[in-house]
1. For helix 263-275, report the angle its Cα long axis makes with the longest principal axis of the Cα atoms of the chain; keep it between 0 and 90° and round to the nearest 10°.
2. Can you give me the distance in nm between label points at R177 and K77, each placed 7 Å from the Cα along the Cα-to-Cβ direction?
3. Taking only Cα atoms, what is the 0 to 90° angle, nearest 10, from helix 43-54's long axis to the longest principal axis of the chain?
4. Just to check I understand the Karplus step: with θ = phi - 60° and J = 6.51 cos²θ - 1.76 cosθ + 1.60, what whole-Hz values come out for segment 180-190, glycine and proline as x?
5. For the chain, with only Lys/Arg (+1) and Asp/Glu (-1) charged at the beta-carbon, what is the dipole magnitude about the Cα centre, in debye rounded to 20?
6. Take segment 120-189, drop everything but the C-alpha atoms, weight them equally and run the Debye formula without solvent; then report log10 I(q)/I(0) at 0.15, 0.22, 0.29 Å⁻¹ to two decimals.
7. When we measure straight from the Cα of K54, which aspartates and glutamates land under 15 angstrom away, once same-chain ones fewer than 8 places off are left out?
8. Report the one residue of Q95, A19, N76 whose Cα lies farthest in the direction of the positive end of the charge dipole of segment 11-102 (charges on C-beta: Lys and Arg +1, Asp and Glu -1; origin at the Cα centre).
Amino acid sequence: MLHRFLRPRPASLRDGSKALDEGRFGDAERQFRETLDGGFESSAVWFDLALAQKLQHHWADAEASNLRAIELDPKNKEAIWNLGVVATALRHWDQSRWCWRQLGFEPTNDSGPPTGDYGITPVRLNPDAEGEVVWGWRIDVCRIRLHSVPLPESGHRWDDVILHDVVPAGQRTFGGRTYSVFDELERMEPSAHQTHEVSVTCPTERDSEELAELCYESGLGAEDWSAKVQIICRTCSLGSPHSHDGSDVVFSADRRFAIAGPIDQVHARLHQWVDAGTGRSAGEISTYP
């Protein structure tokens, strides 16, 4: 009978899967190791172990576990995805480039960090805390250069390079198109550009847009924080934002604006913007570390 030759799943494997689902990654890692130490080895178990290790930022251990998962099953695409992220965290660029090519991506270079143009992407900073969703340019499969100016409490800056997971965690819509949101794993390259905040008077939404455009043309980061600072429910944050009763926002001329870059250029652009319109004004500038 077939059941005589089937090995029962060990309790440690079940407990490890439960711990992984509940976000208890250390417990999951211990249970999966117990499973493997007991002789119950498979590509899937090594992948689960690697996933628990990745989510704890145990990068070297996660790399070794993913390599073993792929050795046991070269067609385990989940392990290849996972290995690509982990190799990127370790800056093992040849390894990550191999992974992306196995998955159908083609980096534009053959040495150093894989490069490419994968368009705009929303990423959730500090996903284990409040989780601010910002936008940036995806420079390879799991790295994004921030285009948004994050709020100072995020601990991030415009032009940071962020390592993000490759599992979608929600959606955002921009320009009539829906994009997957990815969770930050760590900040790989901190930006050198400080964040400056200024209170401005914008008679119309177009005045706010023109200030941002003027900054972009000068190589600065810019964002109307008044438009982005909205408290949304957890379902919205992790899924696709929807309408709430009474949630319509009326445009106010008094705006909280953020500009990233050298302070002398920030002053120059603000003066240029004020002089180019009617009813515009800019107050004192606050600079964040």
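Computed from the coordinates by the stated procedures, all read-outs in this text should not be read as laboratory data. Remember, predicted model here, so these are calculated numbers, not experimental data. Every residue, glycine among them, receives a Cβ derived from its backbone with ideal geometry; neighbour counts consider all protein chains shown.
1. 50 degrees
2. With each label placed 7 Å out from Cα toward Cβ, I get 2.2 nm.
3. In the chain, helix 43-54 runs at an angle near 40 degrees to the longest axis.
4. 6, 9, 10, 7, 4, 9, 6, 8, 8, 9, x
5. Its charge dipole is roughly 1020 debye.
6. Results for segment 120-189 at q = 0.15, 0.22, 0.29 Å⁻¹ read -0.39, -0.87, -1.51.
7. Reachable aspartates and glutamates: D21, D27, E29, E63, E78, D128, D165, D183, E184, E186.
8. Q95
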